[in-house]
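Only one structure is covered here, and it is reproduced in the block below.
The values are calculated or read from the model by the stated rules, or taken from the named source; none is laboratory data. The structure presented is a predicted model; accordingly, all values stated were derived computationally and were not measured. Note that we place each Cβ from the backbone using ideal geometry, even for glycine, and neighbour counts take in every protein chain shown.
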Amino acid sequence: MSEQNQKKDQKLKPKLFSVMKNYNKGQCVKDIVAGIIVAIIALPLSIALALASGVGPEKGLYTAIVAGFIVSFLGGSRVQIAGPTAAFATIVAGIVATEGMDGLIISTVLAGIILILMGLCRFGALIKYIPGTITSGFTFGIAVTILIGQVKDFLGLTFRHSPVETMDKVKEIVSNIGTINLQALTIGLVSLAILIFWPKKLQKIPASLIAVLVCSAMVKISDMDVNTIGDLYTITSAPPTLTIPEISFDRIKALIPDAFTIAVLAGVESLLSCVVADGMIGSKHRSNMELVAQGAANIGSALFGGIPATGAIARTAANVKNGGRTPIAGMVHAVVILVILVLLIPYASLIPMPTIAAILFVVAYNMCGWRNIRNTFKTAPKSDIIVLVTTLVLTVVFDLVVAIAVGLILAAALFMKRMAEVTEAHAWVEYDDEDTDPDHILLKKIPPATKVYEINGPMFFAATDKFNYIFDTKNTKVLCIRMRDVPAIDASGVDTLLDIVKRCRKNKIQIVFSHVNEQPMNVMKKAGFVELVGEENFCDHIDTALKRAEVLENK
């Protein structure tokens, strides 16, 4: 990518304002059609994801309306569709269970502020440094928790308790498996069959909508003993209204970890969705503007009764496939859901809970990425597999905060171990006749009292033990350290070199450096290392360094 294109990608300008310059009537019609189709797809999903998150069904619709509109209006992608996603279900359910709706609102608003700051500070490119194994691990873990959380409604079980944690739900399922409702299971299986086989026959009409209509009719007409949304929740058709929670410093401080989890997850998933969309339409999103838009969308969603939101890959792909090419499609999708909310939401009370569970089973399957995990187990090094499995297990057994934190620490530790293993310092003692390096040290004339060592790899704290034997200074007047293959150095690396210099001075040995790269040179200058050694003893090439060594020998 050219430097000019990179600057464009970093611009904090909504994509809407750029694409409208060449907007025409034909594209407007395509965007409206795509927006309507995506709204129909998003409707049952938004309700299902809200229920999986432990909140009322209308809150999922509020999220799709408010967050969907704001992301399309302010976002850095041409086609991004935002709304509630499965990734947040377990997080939201945990916050609501322990902190209530006020706690969720505060957490989501704080997450929105964090996302805006990330965008303003140009952190969009940094999201890619979160290892893919961590993303795969917690995504699969979330899919598992969603699946476990829906077993109760799919089987029509009667729980004695109301567990929040995933492992407690597993225990409750096992202990109450005898209460299975065969009518509920029948509706669940019919729903699942429609969701699996309908797309193979007719993709234009969303399978989730067909499942909702068919199974709602079955339960209503046959008067089946199956819980519906109306049996468990009070549904309102009122549009989103502003809600201000009670705020205190102590509460904000307690909710900061949840806010960071929501922010990181929203940032990762939204930018991943943007990348997928870019590949589909041949465009390039503005990552920092997208983060700002996601932040504003989460603040808006929380304050107007919704839950956390992010870019939804499946809905974004549906938008593209149906002709959407500008943010107008996403804005239409939000408006259509608002109209449906006001006019038709009372009918949502007829939707059977096993159908909601079946929809979420399919969502969990689609998000789990089992093929990526299978490939990781086949091809990746053991360290990557350890990170993936650890993150997955911790997501299921504990929560996402613990999983991401431990996963990042473990990934960083294993990465440093790998870097330390490839870093080495060696003396030149032999020459391979097949070596084609014209700068091989044994092709050079080395002064008799000079020893040359070459360091390969980054010099950082985990690799400092590799340089101890450089102190072998017997019959040496000048020590030449070649650093052409050292891309980076940290404070510990500088301290190691300082130790070498001090020991050389103690033994009256001069020291010369050859080919120090830009980053190590800048760090060494800031540390005062260059002044200590003398700028004349830093040479740009091994030939220059050896001539300098010869001069120092003869002094």
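A few points about this structure:
- A329 vs. criteria within 15 Å of A64 (Cβ to Cβ) and touching an Asp or Glu at 6+ places or on another chain (Cβ under 9 Å): yes
- Single residue of P257, P346, P308, P327 found to be surrounded by fewer than 22 Cβ atoms within 10 Å (Cβ to Cβ), of a type outside the set (F, W, Y) and either outside the structural domain of F73 (by TED's automatic domain parsing) or modelled with pLDDT of 90 or more (or both): P257
- The residues in segment 493-538 that are of a type outside the set (K, R), within 27 Å of K444 (Cα to Cα) and assigned to a loop (DSSP other than H, G, I, E, B) can be counted, and the count is 6.
- From V144, V174, V219, residue being touching a residue at least 60 places away in the same chain (Cβ under 8 Å), farther than 30 Å from K321 by Cα and of a type outside the set (S, T, Y): V219
- Residue check, A329 under 24 Å from the mean Cα position of the chain (by Cα) and either free of Cβ contacts under 8 Å to residues at least 40 places away in the same chain or in a helix (DSSP H, G or I) (or both): no
- Qualifying residues in segment 180-201 (those that are buried (at least 19 other Cβ atoms within 10 Å of the Cβ) and among the β-branched types (V, I, T)) - the one nearest to T158 (Cα to Cα): I187
- Out of G54, G26, G100, G76, one residue alone is of a type outside the set (F, W, Y), free of Cβ contacts under 8 Å to residues at least 60 places away in the same chain and not in a helix (DSSP H, G or I). It is G54.
- Within segment 270-312, the set of residues being touching a residue at least 12 places away in the same chain (Cβ under 8 Å), over 17 Å from L74 (Cβ atoms) and within 13 Å of the chain's Cα centre (by Cα) comprises just one member, L272.
- L192 meets all of the listed conditions (1) within 30 Å of V66 (Cβ to Cβ); (2) in a helix (DSSP H, G or I) but one, namely (1).
- Meets criteria (within 30 Å of R122 (Cα to Cα) and within 30 Å of the chain's Cα centre (by Cα)) for A207: no
- Residue within segment 500-521 that is modelled with pLDDT under 85, in contact with a Leu (Cβ under 8 Å, 6 or more places away or on another chain) and surrounded by 13 or more Cβ atoms within 10 Å (Cβ to Cβ) present: yes
- Residue among L43, L115, L104 that alone is buried (at least 24 other Cβ atoms within 10 Å of the Cβ) and at pLDDT below 95: L43
- Taking the conditions (1) among the polar types (S, T, N, Q); (2) modelled with pLDDT of 85 or more; (3) farther than 26 Å from K547 by Cβ in turn, T496 satisfies each one other than (2).
- Entry remark, segment 372-391: residues being at pLDDT 85 or above, within 19 Å of the chain's Cα centre (by Cα) and either surrounded by fewer than 16 Cβ atoms within 10 Å (Cβ to Cβ) or outside the structural domain of G132 (by TED's automatic domain parsing) (or both) number 7 in total.
- S237 being crowded, with 17+ Cβ neighbours inside 10 Å and either part of a loop (DSSP other than H, G, I, E, B) or in the same structural domain as A358 (by TED's automatic domain parsing) (or both): no
- So T391, is it within 28 Å of L192 (Cα to Cα), in a helix (DSSP H, G or I) and β-branched (V, I, T): no
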